[in-house]
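Here's the structure, in structure tokens; my notes come after.
The values are calculated or read from the model by the stated rules, or taken from the named source; none is laboratory data. Please read all numbers here as calculations on a predicted model, not as lab measurements. No Cβ is skipped: glycine too gets one built from the backbone with ideal geometry, and neighbour counts run over all protein chains shown.
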Amino acid sequence: MHKLTLAQQAKALAAKQISSEELTRHYIDRIEAHDGQLNSFITVLAEQAIEQAKQADADRHQTSVLKGIPIALKDLFCSDGTATTCGSKMLDNFVAPYDATVVKKLKQAGVVTLGKTNMDEFAMGSSSESSFYGAVKNPWDTSRVPGGSSGGSAVAVAARLASASLGTDTGGSIRQPAALCGITGLKPTYGRVSRYGMIAYASSLDQGGPMAVTAEDCAYLLQTMAGHDDKDSTSVDLPVPDYVADLEQTVKGMRIGMPKEFFEQGLDSEIAAHIQHACEVLTSLGCEIKPISLPNAELAIAAYYVIAPAEASSNLSRYDGARYGYRCQNPRDLEDMYSRSRSEAFGEEVKRRIMIGTYALSAGYYDAYYIKAQKIRRLISQDYSQAFAEVDAVLSPTAPTTAFKINEKSDDPVTMYLSDIFTIGVNLAGLPGLSVPIGLQSGLPVGMQLVSNYFKEDVILRLAHQYQQQTSHHLQIPASFE
Ligand code: GLN
């Protein structure tokens with residue numbers, strides 16, 4: 001059953017060839033058997049999931065394709081009555097009192113929640129090593145990282161412990177782990193999906209999205225997740241297209257740009273060769289591939305590591321030991337409670353970001369760092385706008401390397417930050433981006449990133465879907481988890 005895609009499972013459920021309860025129990029058994037090695041879940045909601053599955057099986061009114069499909073949620077989506085930790089000691093005792101909007105929409109569609117997945121603390125990271133609950137392991141090689149920060153969500157799908165999952169992407173956290181684990185992951189346009197009930201990291205960049213085996217599966221999930229929400233003032237009130245129907249439209253004549261800056265220096269030659277092969281498939285489908293330029297691309301990481309920590313330092317000020325989350329033992333006074341609660345419960349990377357962000361926003365440095373970074377952000381958006389005057393999509397690798405070893409980069413934050421070199425500009429511009437598996441290099445997955453213009457998720461989903469009709473990389477399962 002776990003070898004079927006979400007779309008195939010949905011058909012089998014609708015035809016009553018399988019029940020949601022059977023499918024859900026099957027995944028729970030797989031989680032029990034395999035997650036000890038992978039550490040992809042923080043919380044498994046076995047009983048609740050079986051209850052939801054029984055309800056889905058009994059419900060004759062709900063006709064959503066997603067009815068009865070078991071998925072996993074990154075542990076920063078609030079879901080009513082369940083622990084929502086954000087991978088942090090700070091929220092180890094936090095039980096969400098409400099559902100995030102996307103969780104509510106998926107529940108209404110009859111989706112079953114298997115559990116909450118492991119992640120870098122507060123979504124800060126590219127390797128899923130910084131979780132309070134321990135590092136997540138890559139199912140293709142358990143001595144390696146799965147990418148991050150949505151590493152648990154990527155692993156749960158790659159090892160077929162869930163039909164699909166939700167992740168969030170602030171600088172690459174859906175696309176980069178999708179690439180390193182060999183699955184398909186979509187970061188929607190900023191504003192396409194409500195952020196209400198998603199624990200905030202950097203609010204002007206954060207966006208939730210689907211992670212699944214195929215682009216088609218992502219389209220089904222996005223269909224339900226997308227749309228305006230009164231509770232999120234940055235969610236955009238635009239009609240939601242029929243993403244699933246759009247998948248079958250032709251891609252013939254689509255223009256795809258390859259940014260020369262991404263291919264110029266130092267790109268791993270084997271990754272470049274995989275990209276070349278993928279381009280040949282797209283060309284055979286009638287796409288036209290041409291060089292483009294994103295002249296400010298090299299500034300993206302520097303700008304991001306001012307803007308994201310600045311927003312994080314403000315968002316994370318709410319964790320003060322007073323309202324919710326961790327409180328230190330026997331505080332002497334208020335000041336002591338603030339400072340010890342935060343010192344004891346935040347991990348190293350989170351503290352580093354809070355310090356960088358606070359510094360960048362302080363009087364005297366604000367203009368030199370924060371304002372400057374915002375100007376660069378504007379230039380990066382303009383580069384993409386110019387590109388989209390000439391092309392329908394921008395193509396690049398998703399990540400500069402395949403999955404690296406656990407502990408290989410954890411002592412060197414700057415090297416770690418470079419993992420997101422191809423993905424971060426897309427968040428700064430607020431554009432949609434998708435990662436699709438394009439093959440294995442020494443047994444480890446390689447991903448290709450496709451980026452389209454604002455609210456043109458249909459374009460990249462269609463390109464990825466049609467690429468997947470011609471290839472089978474996305475269907476490969478790591479040998480120990482077949
Ligand atoms: N790796 C980036 C960071 O650490 C992006 C993380 C994310 O997208 N949540 O900020």
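Restricting the stretch 351-373 to residues that are farther than 28 Å from PHE132 by Cα and part of a helix (DSSP H, G or I), which is nearest to the ligand (Cβ to nearest atom)?
Start the filter on the stretch 351-373 by keeping residues that are farther than 28 Å from PHE132 by Cα, which leaves 362-373.
With the extra rule that they be part of a helix (DSSP H, G or I), the set shrinks to 366-373.
Details: TYR366: 21, ASP367: 23, ALA368: 21, TYR369: 16, TYR370: 16, ILE371: 20, LYS372: 19, ALA373: 14 Å.
Here the answer is ALA373.
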Every listed condition ((1) farther than 20 Å from GLU298 by Cβ; (2) buried (at least 23 other Cβ atoms within 10 Å of the Cβ)) holds for GLN470 save (2)
Note on the stretch 15-35: residues touching a residue at least 24 places away in the same chain (Cβ under 8 Å) and out of contact with any Asp or Glu (no Cβ under 6 Å at 6 or more places or on another chain) are LEU23, THR24, ARG25, HIS26, TYR27, ILE28, ARG30, ILE31, HIS34, ASP35
Taking GLU344 as the residue in question, decide whether it is within 16 Å of the ligand (Cβ to nearest atom), in a helix (DSSP H, G or I) and among the acidic types (Asp, Glu). no
**OP:** Return yes or no: is SER313 modelled with pLDDT of 95 or more and within 16 Å of the ligand (Cβ to nearest atom)?
**Re:** yes
Restricting attention to the stretch 248-275, the residues that are loosely packed, with under 11 Cβ neighbours inside 10 Å and over 24 Å from GLU216 (Cα atoms) number exactly 4
Subset of the stretch 322-354, residues of a type outside the set (A, V, I, L, M, F, W, C), farther than 16 Å from PHE122 by Cβ and surrounded by 13 or more Cβ atoms within 10 Å (Cβ to Cβ), comes to ARG327, PRO331, ASP336, TYR338, SER339, ARG340
Result of the Cβ filter at 9 Å on the stretch 462-482, keeping first residues that are modelled with pLDDT under 95 and partners that are surrounded by 21 or more Cβ atoms within 10 Å (Cβ to Cβ) and of a type in the set (Lys, Arg), at least 6 apart or interchain, is GLU482/ARG160
Within the stretch 98-113, the count of residues that are part of a loop (DSSP other than H, G, I, E, B), of a type outside the set (Gly, Ala, Ser) and touching an Asp or Glu at 6+ places or on another chain (Cβ under 7 Å) comes to 2
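Collect the residues in the stretch 136-160 that are within 15 Å of the ligand (Cβ to nearest atom), among the small types (Gly, Ala, Ser) and assigned to a loop (DSSP other than H, G, I, E, B), keeping them in residue-number order.
Filtering the stretch 136-160 down to residues within 15 Å of the ligand (Cβ to nearest atom) leaves 136, 145-154.
Still in the running and among the small types (Gly, Ala, Ser): 147-154.
Those that are within 15 Å of the ligand (Cβ to nearest atom), among the small types (Gly, Ala, Ser) and assigned to a loop (DSSP other than H, G, I, E, B): GLY147, GLY148, SER149, SER150.
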When restricted to ALA303, ALA245, ALA278, the only residue buried (at least 16 other Cβ atoms within 10 Å of the Cβ) and either without any contact (Cβ under 8 Å) to a residue 12 or more places away in the chain or closer than 19 Å to TYR417 by Cβ (or both) is ALA303
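Name the residues in the stretch 420-432 that are within 11 Å of the ligand (Cβ to nearest atom) and not in a helix (DSSP H, G or I), would you? Break it down into steps so the answer makes sense when it comes.
Start the filter on the stretch 420-432 by keeping residues that are within 11 Å of the ligand (Cβ to nearest atom), which leaves 420-421, 423-424, 426-427.
Result: ILE421, THR423.
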Restricting attention to the stretch 393-419, the residues that are buried (at least 21 other Cβ atoms within 10 Å of the Cβ), in a strand (DSSP E or B) and not small (Gly, Ala, Ser) number exactly 3
By residue number, the members of the stretch 404-446 that are under 16 Å from GLY151 (Cα atoms) and hydroxyl-bearing (Ser, Thr, Tyr) are SER410, TYR417, SER419, THR423, SER435
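Going by the structure shown, is THR398 within 14 Å of the ligand (Cβ to nearest atom), of a type in the set (S, T, N, Q) and either without any contact (Cβ under 8 Å) to a residue 60 or more places away in the chain or under 30 Å from GLN469 (Cβ atoms) (or both)? Let's see the steps before the verdict.
On the way: within 14 Å of the ligand (Cβ to nearest atom): yes; of a type in the set (S, T, N, Q): yes; either without any contact (Cβ under 8 Å) to a residue 60 or more places away in the chain or under 30 Å from GLN469 (Cβ atoms) (or both): yes.
When the stated conditions are applied, THR398 passes them.
Among the listed residues ILE42, ILE18, ILE31, identify the single one that is buried (at least 22 other Cβ atoms within 10 Å of the Cβ) and not in a helix (DSSP H, G or I). Steps first, please.
On the way: ILE18 fails: buried (at least 22 other Cβ atoms within 10 Å of the Cβ); ILE31 fails: not in a helix (DSSP H, G or I).
Being buried (at least 22 other Cβ atoms within 10 Å of the Cβ) and not in a helix (DSSP H, G or I) holds for just one of ILE42, ILE18, ILE31, which is ILE42.
Just a yes or no: is a residue in the stretch 288-295 under 24 Å from the mean Cα position of the chain (by Cα) and either in a loop (DSSP other than H, G, I, E, B) or within 16 Å of the ligand (Cβ to nearest atom) (or both)? Quick ask: steps written out before the conclusion?
Within the stretch 288-295, the first condition is being under 24 Å from the mean Cα position of the chain (by Cα), and the residues that meet it are 294.
Add one more test, that the residue is either in a loop (DSSP other than H, G, I, E, B) or within 16 Å of the ligand (Cβ to nearest atom) (or both), and what stays is 294.
Looking through the stretch 288-295, at least one residue is under 24 Å from the mean Cα position of the chain (by Cα) and either in a loop (DSSP other than H, G, I, E, B) or within 16 Å of the ligand (Cβ to nearest atom) (or both).
For residues in the stretch 435-462 being over 17 Å from LEU475 (Cβ atoms) and of a type in the set (A, V, I, L, M), which is farthest from the ligand (Cβ to nearest atom)? Even if it seems obvious, please write down each step before you answer.
Residues of the stretch 435-462 that are over 17 Å from LEU475 (Cβ atoms), as a first pass: 441-442, 449-462.
So of that shortlist, the ones also of a type in the set (A, V, I, L, M) come out as 450-451, 459-461.
Values: LEU450: 18, VAL451: 15, VAL459: 22, ILE460: 18, LEU461: 20 Å.
The extreme case among them is VAL459.
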From the option list GLY171, GLY191, single residue qualifying as away from the ligand (no atom under 13 Å from the Cβ), part of a loop (DSSP other than H, G, I, E, B) and over 8 Å from the mean Cα position of the chain (by Cα) is GLY191
Restricting the stretch 317-364 to residues that are among the hydroxyl-bearing types (Ser, Thr, Tyr) and touching a helix residue (DSSP H, G or I) at 6+ places or on another chain (Cβ under 6 Å), the one nearest to VAL306 (Cα to Cα) turns out to be THR358
Expected single match for within 15 Å of the ligand (Cβ to nearest atom) and aromatic (Phe, Trp, Tyr) among PHE132, PHE122 is PHE122
